[in-house]
Amino acid sequence: MIFSKRDLPELDMTKIPQSIAIIMDGNGRWAKKRGLVKKAGHKAGADTLERVSKVAEKLGVKHLTAYAFSTENWKRSDEEVSGIMDLLRKYLDDHIRRCKTESFRVDMIGDPSRLDKDIQEKIITLENLTKEKTGLFLHIALNYGGRDEILRMVKKVGAEVENGTLKAEEIKTEDIVRNLDTANIPDPELLIRTSGEYRFSNFLLWQLAYTEFLFTDKLWPDFTGDDLKEAIYEFQNRDRRFGGRNGR
Ligand code: FPP
């Protein structure tokens, strides 16, 4: 990133993005560099998510959507997949245990049906236990793929047309939005991807239409609260025109 810690600029607290999405990439390379197994990288990645969520909440971010496991990640080795699932169990258990003293609200996006039953139950438990919380709303993308989400949305809208509650020629943007997993999440204003990869890998295909993208070479486990502040600073200095001209 461009600033040294000492130079970290002042943020305009009236212009904090309300909805941020993060692609937490680079856990494997972080572990490899240290001669550790991949699971150690994912563990460090889960810890980073904790730290960054806390800073995001302090800054006044309302929604943080984190890509934890994609529909394509099942292609990884059984060992790596079960390692991530174990970390997820622990992450959910920790949040369930601490939820009385925490202000986060947590839910998941993605198709839960392929996740183990106990994980599905823990997700429902955590969603229910935190649904009155007013702090950061953390959305964890699990078995999530943008194309899969759009396909599931099309089936839901199609079923409404089939049962007569909706006419095909009257389908509006709102009908699409309310049938996406993200119906309760404002479109991200800022997307951050770590590890020097410049793609968005099937994440939030519909929702990223006008999102500002920020790519950093840092590997996800090395990403800090100051890096988040810096990303927000960069966001605040972009000219968002949404297809218009803003006086140009
Ligand atoms: C990408 O790094 C990261 C993932 C596929 C998984 C992200 C998972 C976590 C941050 C931990 C689990 C999350 C929770 C909420 C418990 P990579 O392995 O593709 O990195 P690489 O490209 O360097 O190999």
Next item on the list: Could you please give the count of residues in the stretch 111-147 that are farther than 17 Å from residue 97 by Cα and within 16 Å of the ligand (Cβ to nearest atom)?
Entry: 14
Check: Name the residues in the stretch 126-159 that are assigned to a loop (DSSP other than H, G, I, E, B) and among the hydroxyl-bearing types (Ser, Thr, Tyr), would you?
Finding: 134
Check: Just checking, how many residues over the stretch 124-139 are out of contact with any Lys or Arg (no Cβ under 6 Å at 6 or more places or on another chain) and either open to solvent by less than 10 Å² (accessible area, probe 1.4 Å) or not hydrophobic (A, V, I, L, M, F, W, C) (or both)?
Finding: 11
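Residue 231 - would you say it is small (Gly, Ala, Ser), touching a residue at least 12 places away in the same chain (Cβ under 8 Å) and open to solvent by less than 30 Å² (accessible area, probe 1.4 Å)? Show your work before the answer.
On the way: small (Gly, Ala, Ser): yes; touching a residue at least 12 places away in the same chain (Cβ under 8 Å): yes; open to solvent by less than 30 Å² (accessible area, probe 1.4 Å): yes.
Criteria met by residue 231.
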Next item on the list: Sort out which residues of the stretch 55-96 are within 16 Å of residue 188 (Cβ to Cβ), of a type outside the set (Gly, Ala, Ser) and within 11 Å of the ligand (Cβ to nearest atom), and write them in order of number.
Entry: 67
Check: Taking only pairs six or more apart or across chains, which ones have beta-carbon atoms under 9 Å, a first residue in the stretch 23-48 that is at pLDDT 95 or above and aromatic (Phe, Trp, Tyr), and a second residue that is within 8 Å of the ligand (Cβ to nearest atom) and not in a helix (DSSP H, G or I)?
Finding: 30/195; 30/219
Next item on the list: Taking the options 16, 20, name whichever one is in contact with an Asp or Glu (Cβ under 8 Å, 6 or more places away or on another chain), in contact (Cβ under 8 Å) with a residue 40 or more places away in the chain, β-branched (Val, Ile, Thr) and more than 12 Å from the ligand (Cβ to nearest atom).
Entry: 20
Checklist line | strands (runs of 3 or more DSSP E) (entirely within the stretch 10-119) containing at least 1 residues that are farther than 18 Å from residue 130 by Cα | finding: 19-23, 63-70
Checklist line | Residue pairs meeting the criteria (Cβ under 6 Å; at least 6 apart or on separate chains; first closer than 25 Å to residue 223 by Cβ, in the stretch 177-197; second among the small types (Gly, Ala, Ser)) | finding: 186/19; 188/19; 188/21; 189/19; 191/21; 192/231; 194/26; 195/26
Check: Can residue 45 be described as buried (at least 20 other Cβ atoms within 10 Å of the Cβ) and within 10 Å of the ligand (Cβ to nearest atom)?
Finding: yes
Margin query: For residue 219, only one of the following conditions fails: (1) touching a residue at least 24 places away in the same chain (Cβ under 8 Å); (2) open to solvent by 60 Å² or more (accessible area, probe 1.4 Å). What is its number?
Written below: (2)
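Applying the selection to the stretch 149-176, what residues are touching a residue at least 24 places away in the same chain (Cβ under 8 Å) and either open to solvent by less than 20 Å² (accessible area, probe 1.4 Å) or within 16 Å of the ligand (Cβ to nearest atom) (or both)? First the steps, then the outcome.
At the first step, the residues of the stretch 149-176 found to be touching a residue at least 24 places away in the same chain (Cβ under 8 Å) are 149-150, 152-153, 176.
Within the stretch 149-176, 149, 153 qualify.
The values are calculated or read from the model by the stated rules, or taken from the named source; none is laboratory data. These numbers were taken from a predicted model, which means no experiment stands behind them. Cβ atoms come from the backbone with ideal geometry, glycine included; neighbour counts cover every protein chain shown. For accessibility, only protein heavy atoms count, side chains too; no ligands or nucleic acids. Shrake-Rupley method; radii C 1.70, N 1.55, O 1.52, S 1.80 Å.
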